[in-house]
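Worksheet: the structure to be examined is printed underneath.
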């Protein structure tokens, strides 16, 4: 089967083309084929989805694992190879907070070096990070000391950060426009599935067994990269036109004429090089056009990370153990993972129907109410225990209150500020600065996540569990004020309408 295409050409004005070469044009392609071949692209996406599944498994691993490792019972000890001695290590709450947070510190470094690694090849980057990630999880499963868990947590976060970044770029470069959104959504959904699977596994397995189970996903990612090609865009960018043609032929199908599409890729890369040649790093970083977009996106990242999201994601089981009287804390955590998955599936529809700004306002309002209510219930439980009323049956009658608070918070987060803060990175930054803006915002997000996770134990010890969540509620209220005063509505706006001055409107 062959594809019929229509083309139209957009010429870059001479004033914007100071590159010493003929005037560059960006060629756009639309397909008129009624039955395009998508199977190879779907298979490649399924292979890469093992990467986002790995990231989801890693994110969901921490909550039940910390509960298990702090328990310090014989099933969680390490049996040596001679099968006659046992070695164990005790973990304090502060050490547990390092185990949880160092993955985000690693992700921060991964965001900074991810572009450098990706320039060596998309497929090579996936291979270079998937094997160390699998090895890190295996070492976690057999770790004889907490210091090794620190190291593997950092390495795991770094690798997951790079894998997630490269996977999105790979999908954007191999997919046809008609299915690009669907394939990208597949990666997102698999990440939430990974979180849910880790919550379920943590109910039945100890932290060592769960770590060995998580190692399967990056191993499958490495095997998958053996059967998928490098992206045509990367190959053309590096002067490997013959390999690019072979890659594109595999992705589009053996009987599809890919010569025209290959020429489109070459022309677009030529135009991209001409534009990038005009930009210097100094001018990119210090241009006033970036100040407002950076402030908006980094502000949303800050309020997202410091409003309790990390506490529930990484300490859910420990939190529920302190607030639930009769319900299994693992079961409540699984409910959170399930709601996150459903909300992620729904968010894509609501964002375009309702709009970014109304969802952000509703999200921060409900997050504030849920956090304040949860903190109040935690205060009630602590006062009940202090007065000696420790009848779990009586307290268990009210288990629906904290669970409802957490589910409302999770839904509000997943439908509003969590996806929209990432979406606005692509909408507010001018096209020529979008890569730099994405790098700055992503790095800042991971940096805030590291401190948010690490400081939760400190907040709990100094303020109490109730005080910590009242603090998170106050941050969410500040986030609401920030959204109302600073964040513009981008629903229905074309990207060229918002570049470069649209973010300055608020």
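Once you sort the root eigenvalues of the Cα gyration tensor of the stretch 309-467 as a ≥ b ≥ c, which label holds: rounded (a/c under 1.5), prolate (a/b larger than b/c) or oblate (the other case)? Numbers along the way, then the final one.
Working: a/c = 2.74, a/b = 1.90, b/c = 1.44.
Prolate is the answer for the stretch 309-467, as a/c is 1.5 or above and a/b outweighs b/c.
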Relative contact order for the stretch 289-505, counting Cα pairs under 8 Å that sit 6 or more residues apart, in percent: 41 percent
Please rank 482, 154, 469, 429, fewest neighbouring Cβ atoms within 10 Å first, as an exposure proxy. 482, 154, 429, 469
Order of 291, 472, 315 under a 10 Å beta carbon neighbour criterion, fewest first: 291, 315, 472
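Test of understanding: ordering 243, 261, 147 by Cβ neighbours within 10 Å, fewest first, what list do you get? Kindly include the intermediate steps, with their values, before the conclusion.
Values: 243 16, 261 22, 147 12.
The order, fewest Cβ neighbours first, is 147, 243, 261.
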Rounded to the nearest Å, the spacing of the alpha-carbon centers of the stretch 119-158 and the stretch 334-384 is 32 Å
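Where a number appears in this text, it was derived from the coordinates with a stated rule and is not lab data. Everything numeric in this text was worked out from a predicted model, so none of it was measured. With ideal geometry, Cβ positions are generated from the backbone for all residues, glycine too; neighbour counts draw on all protein chains shown.
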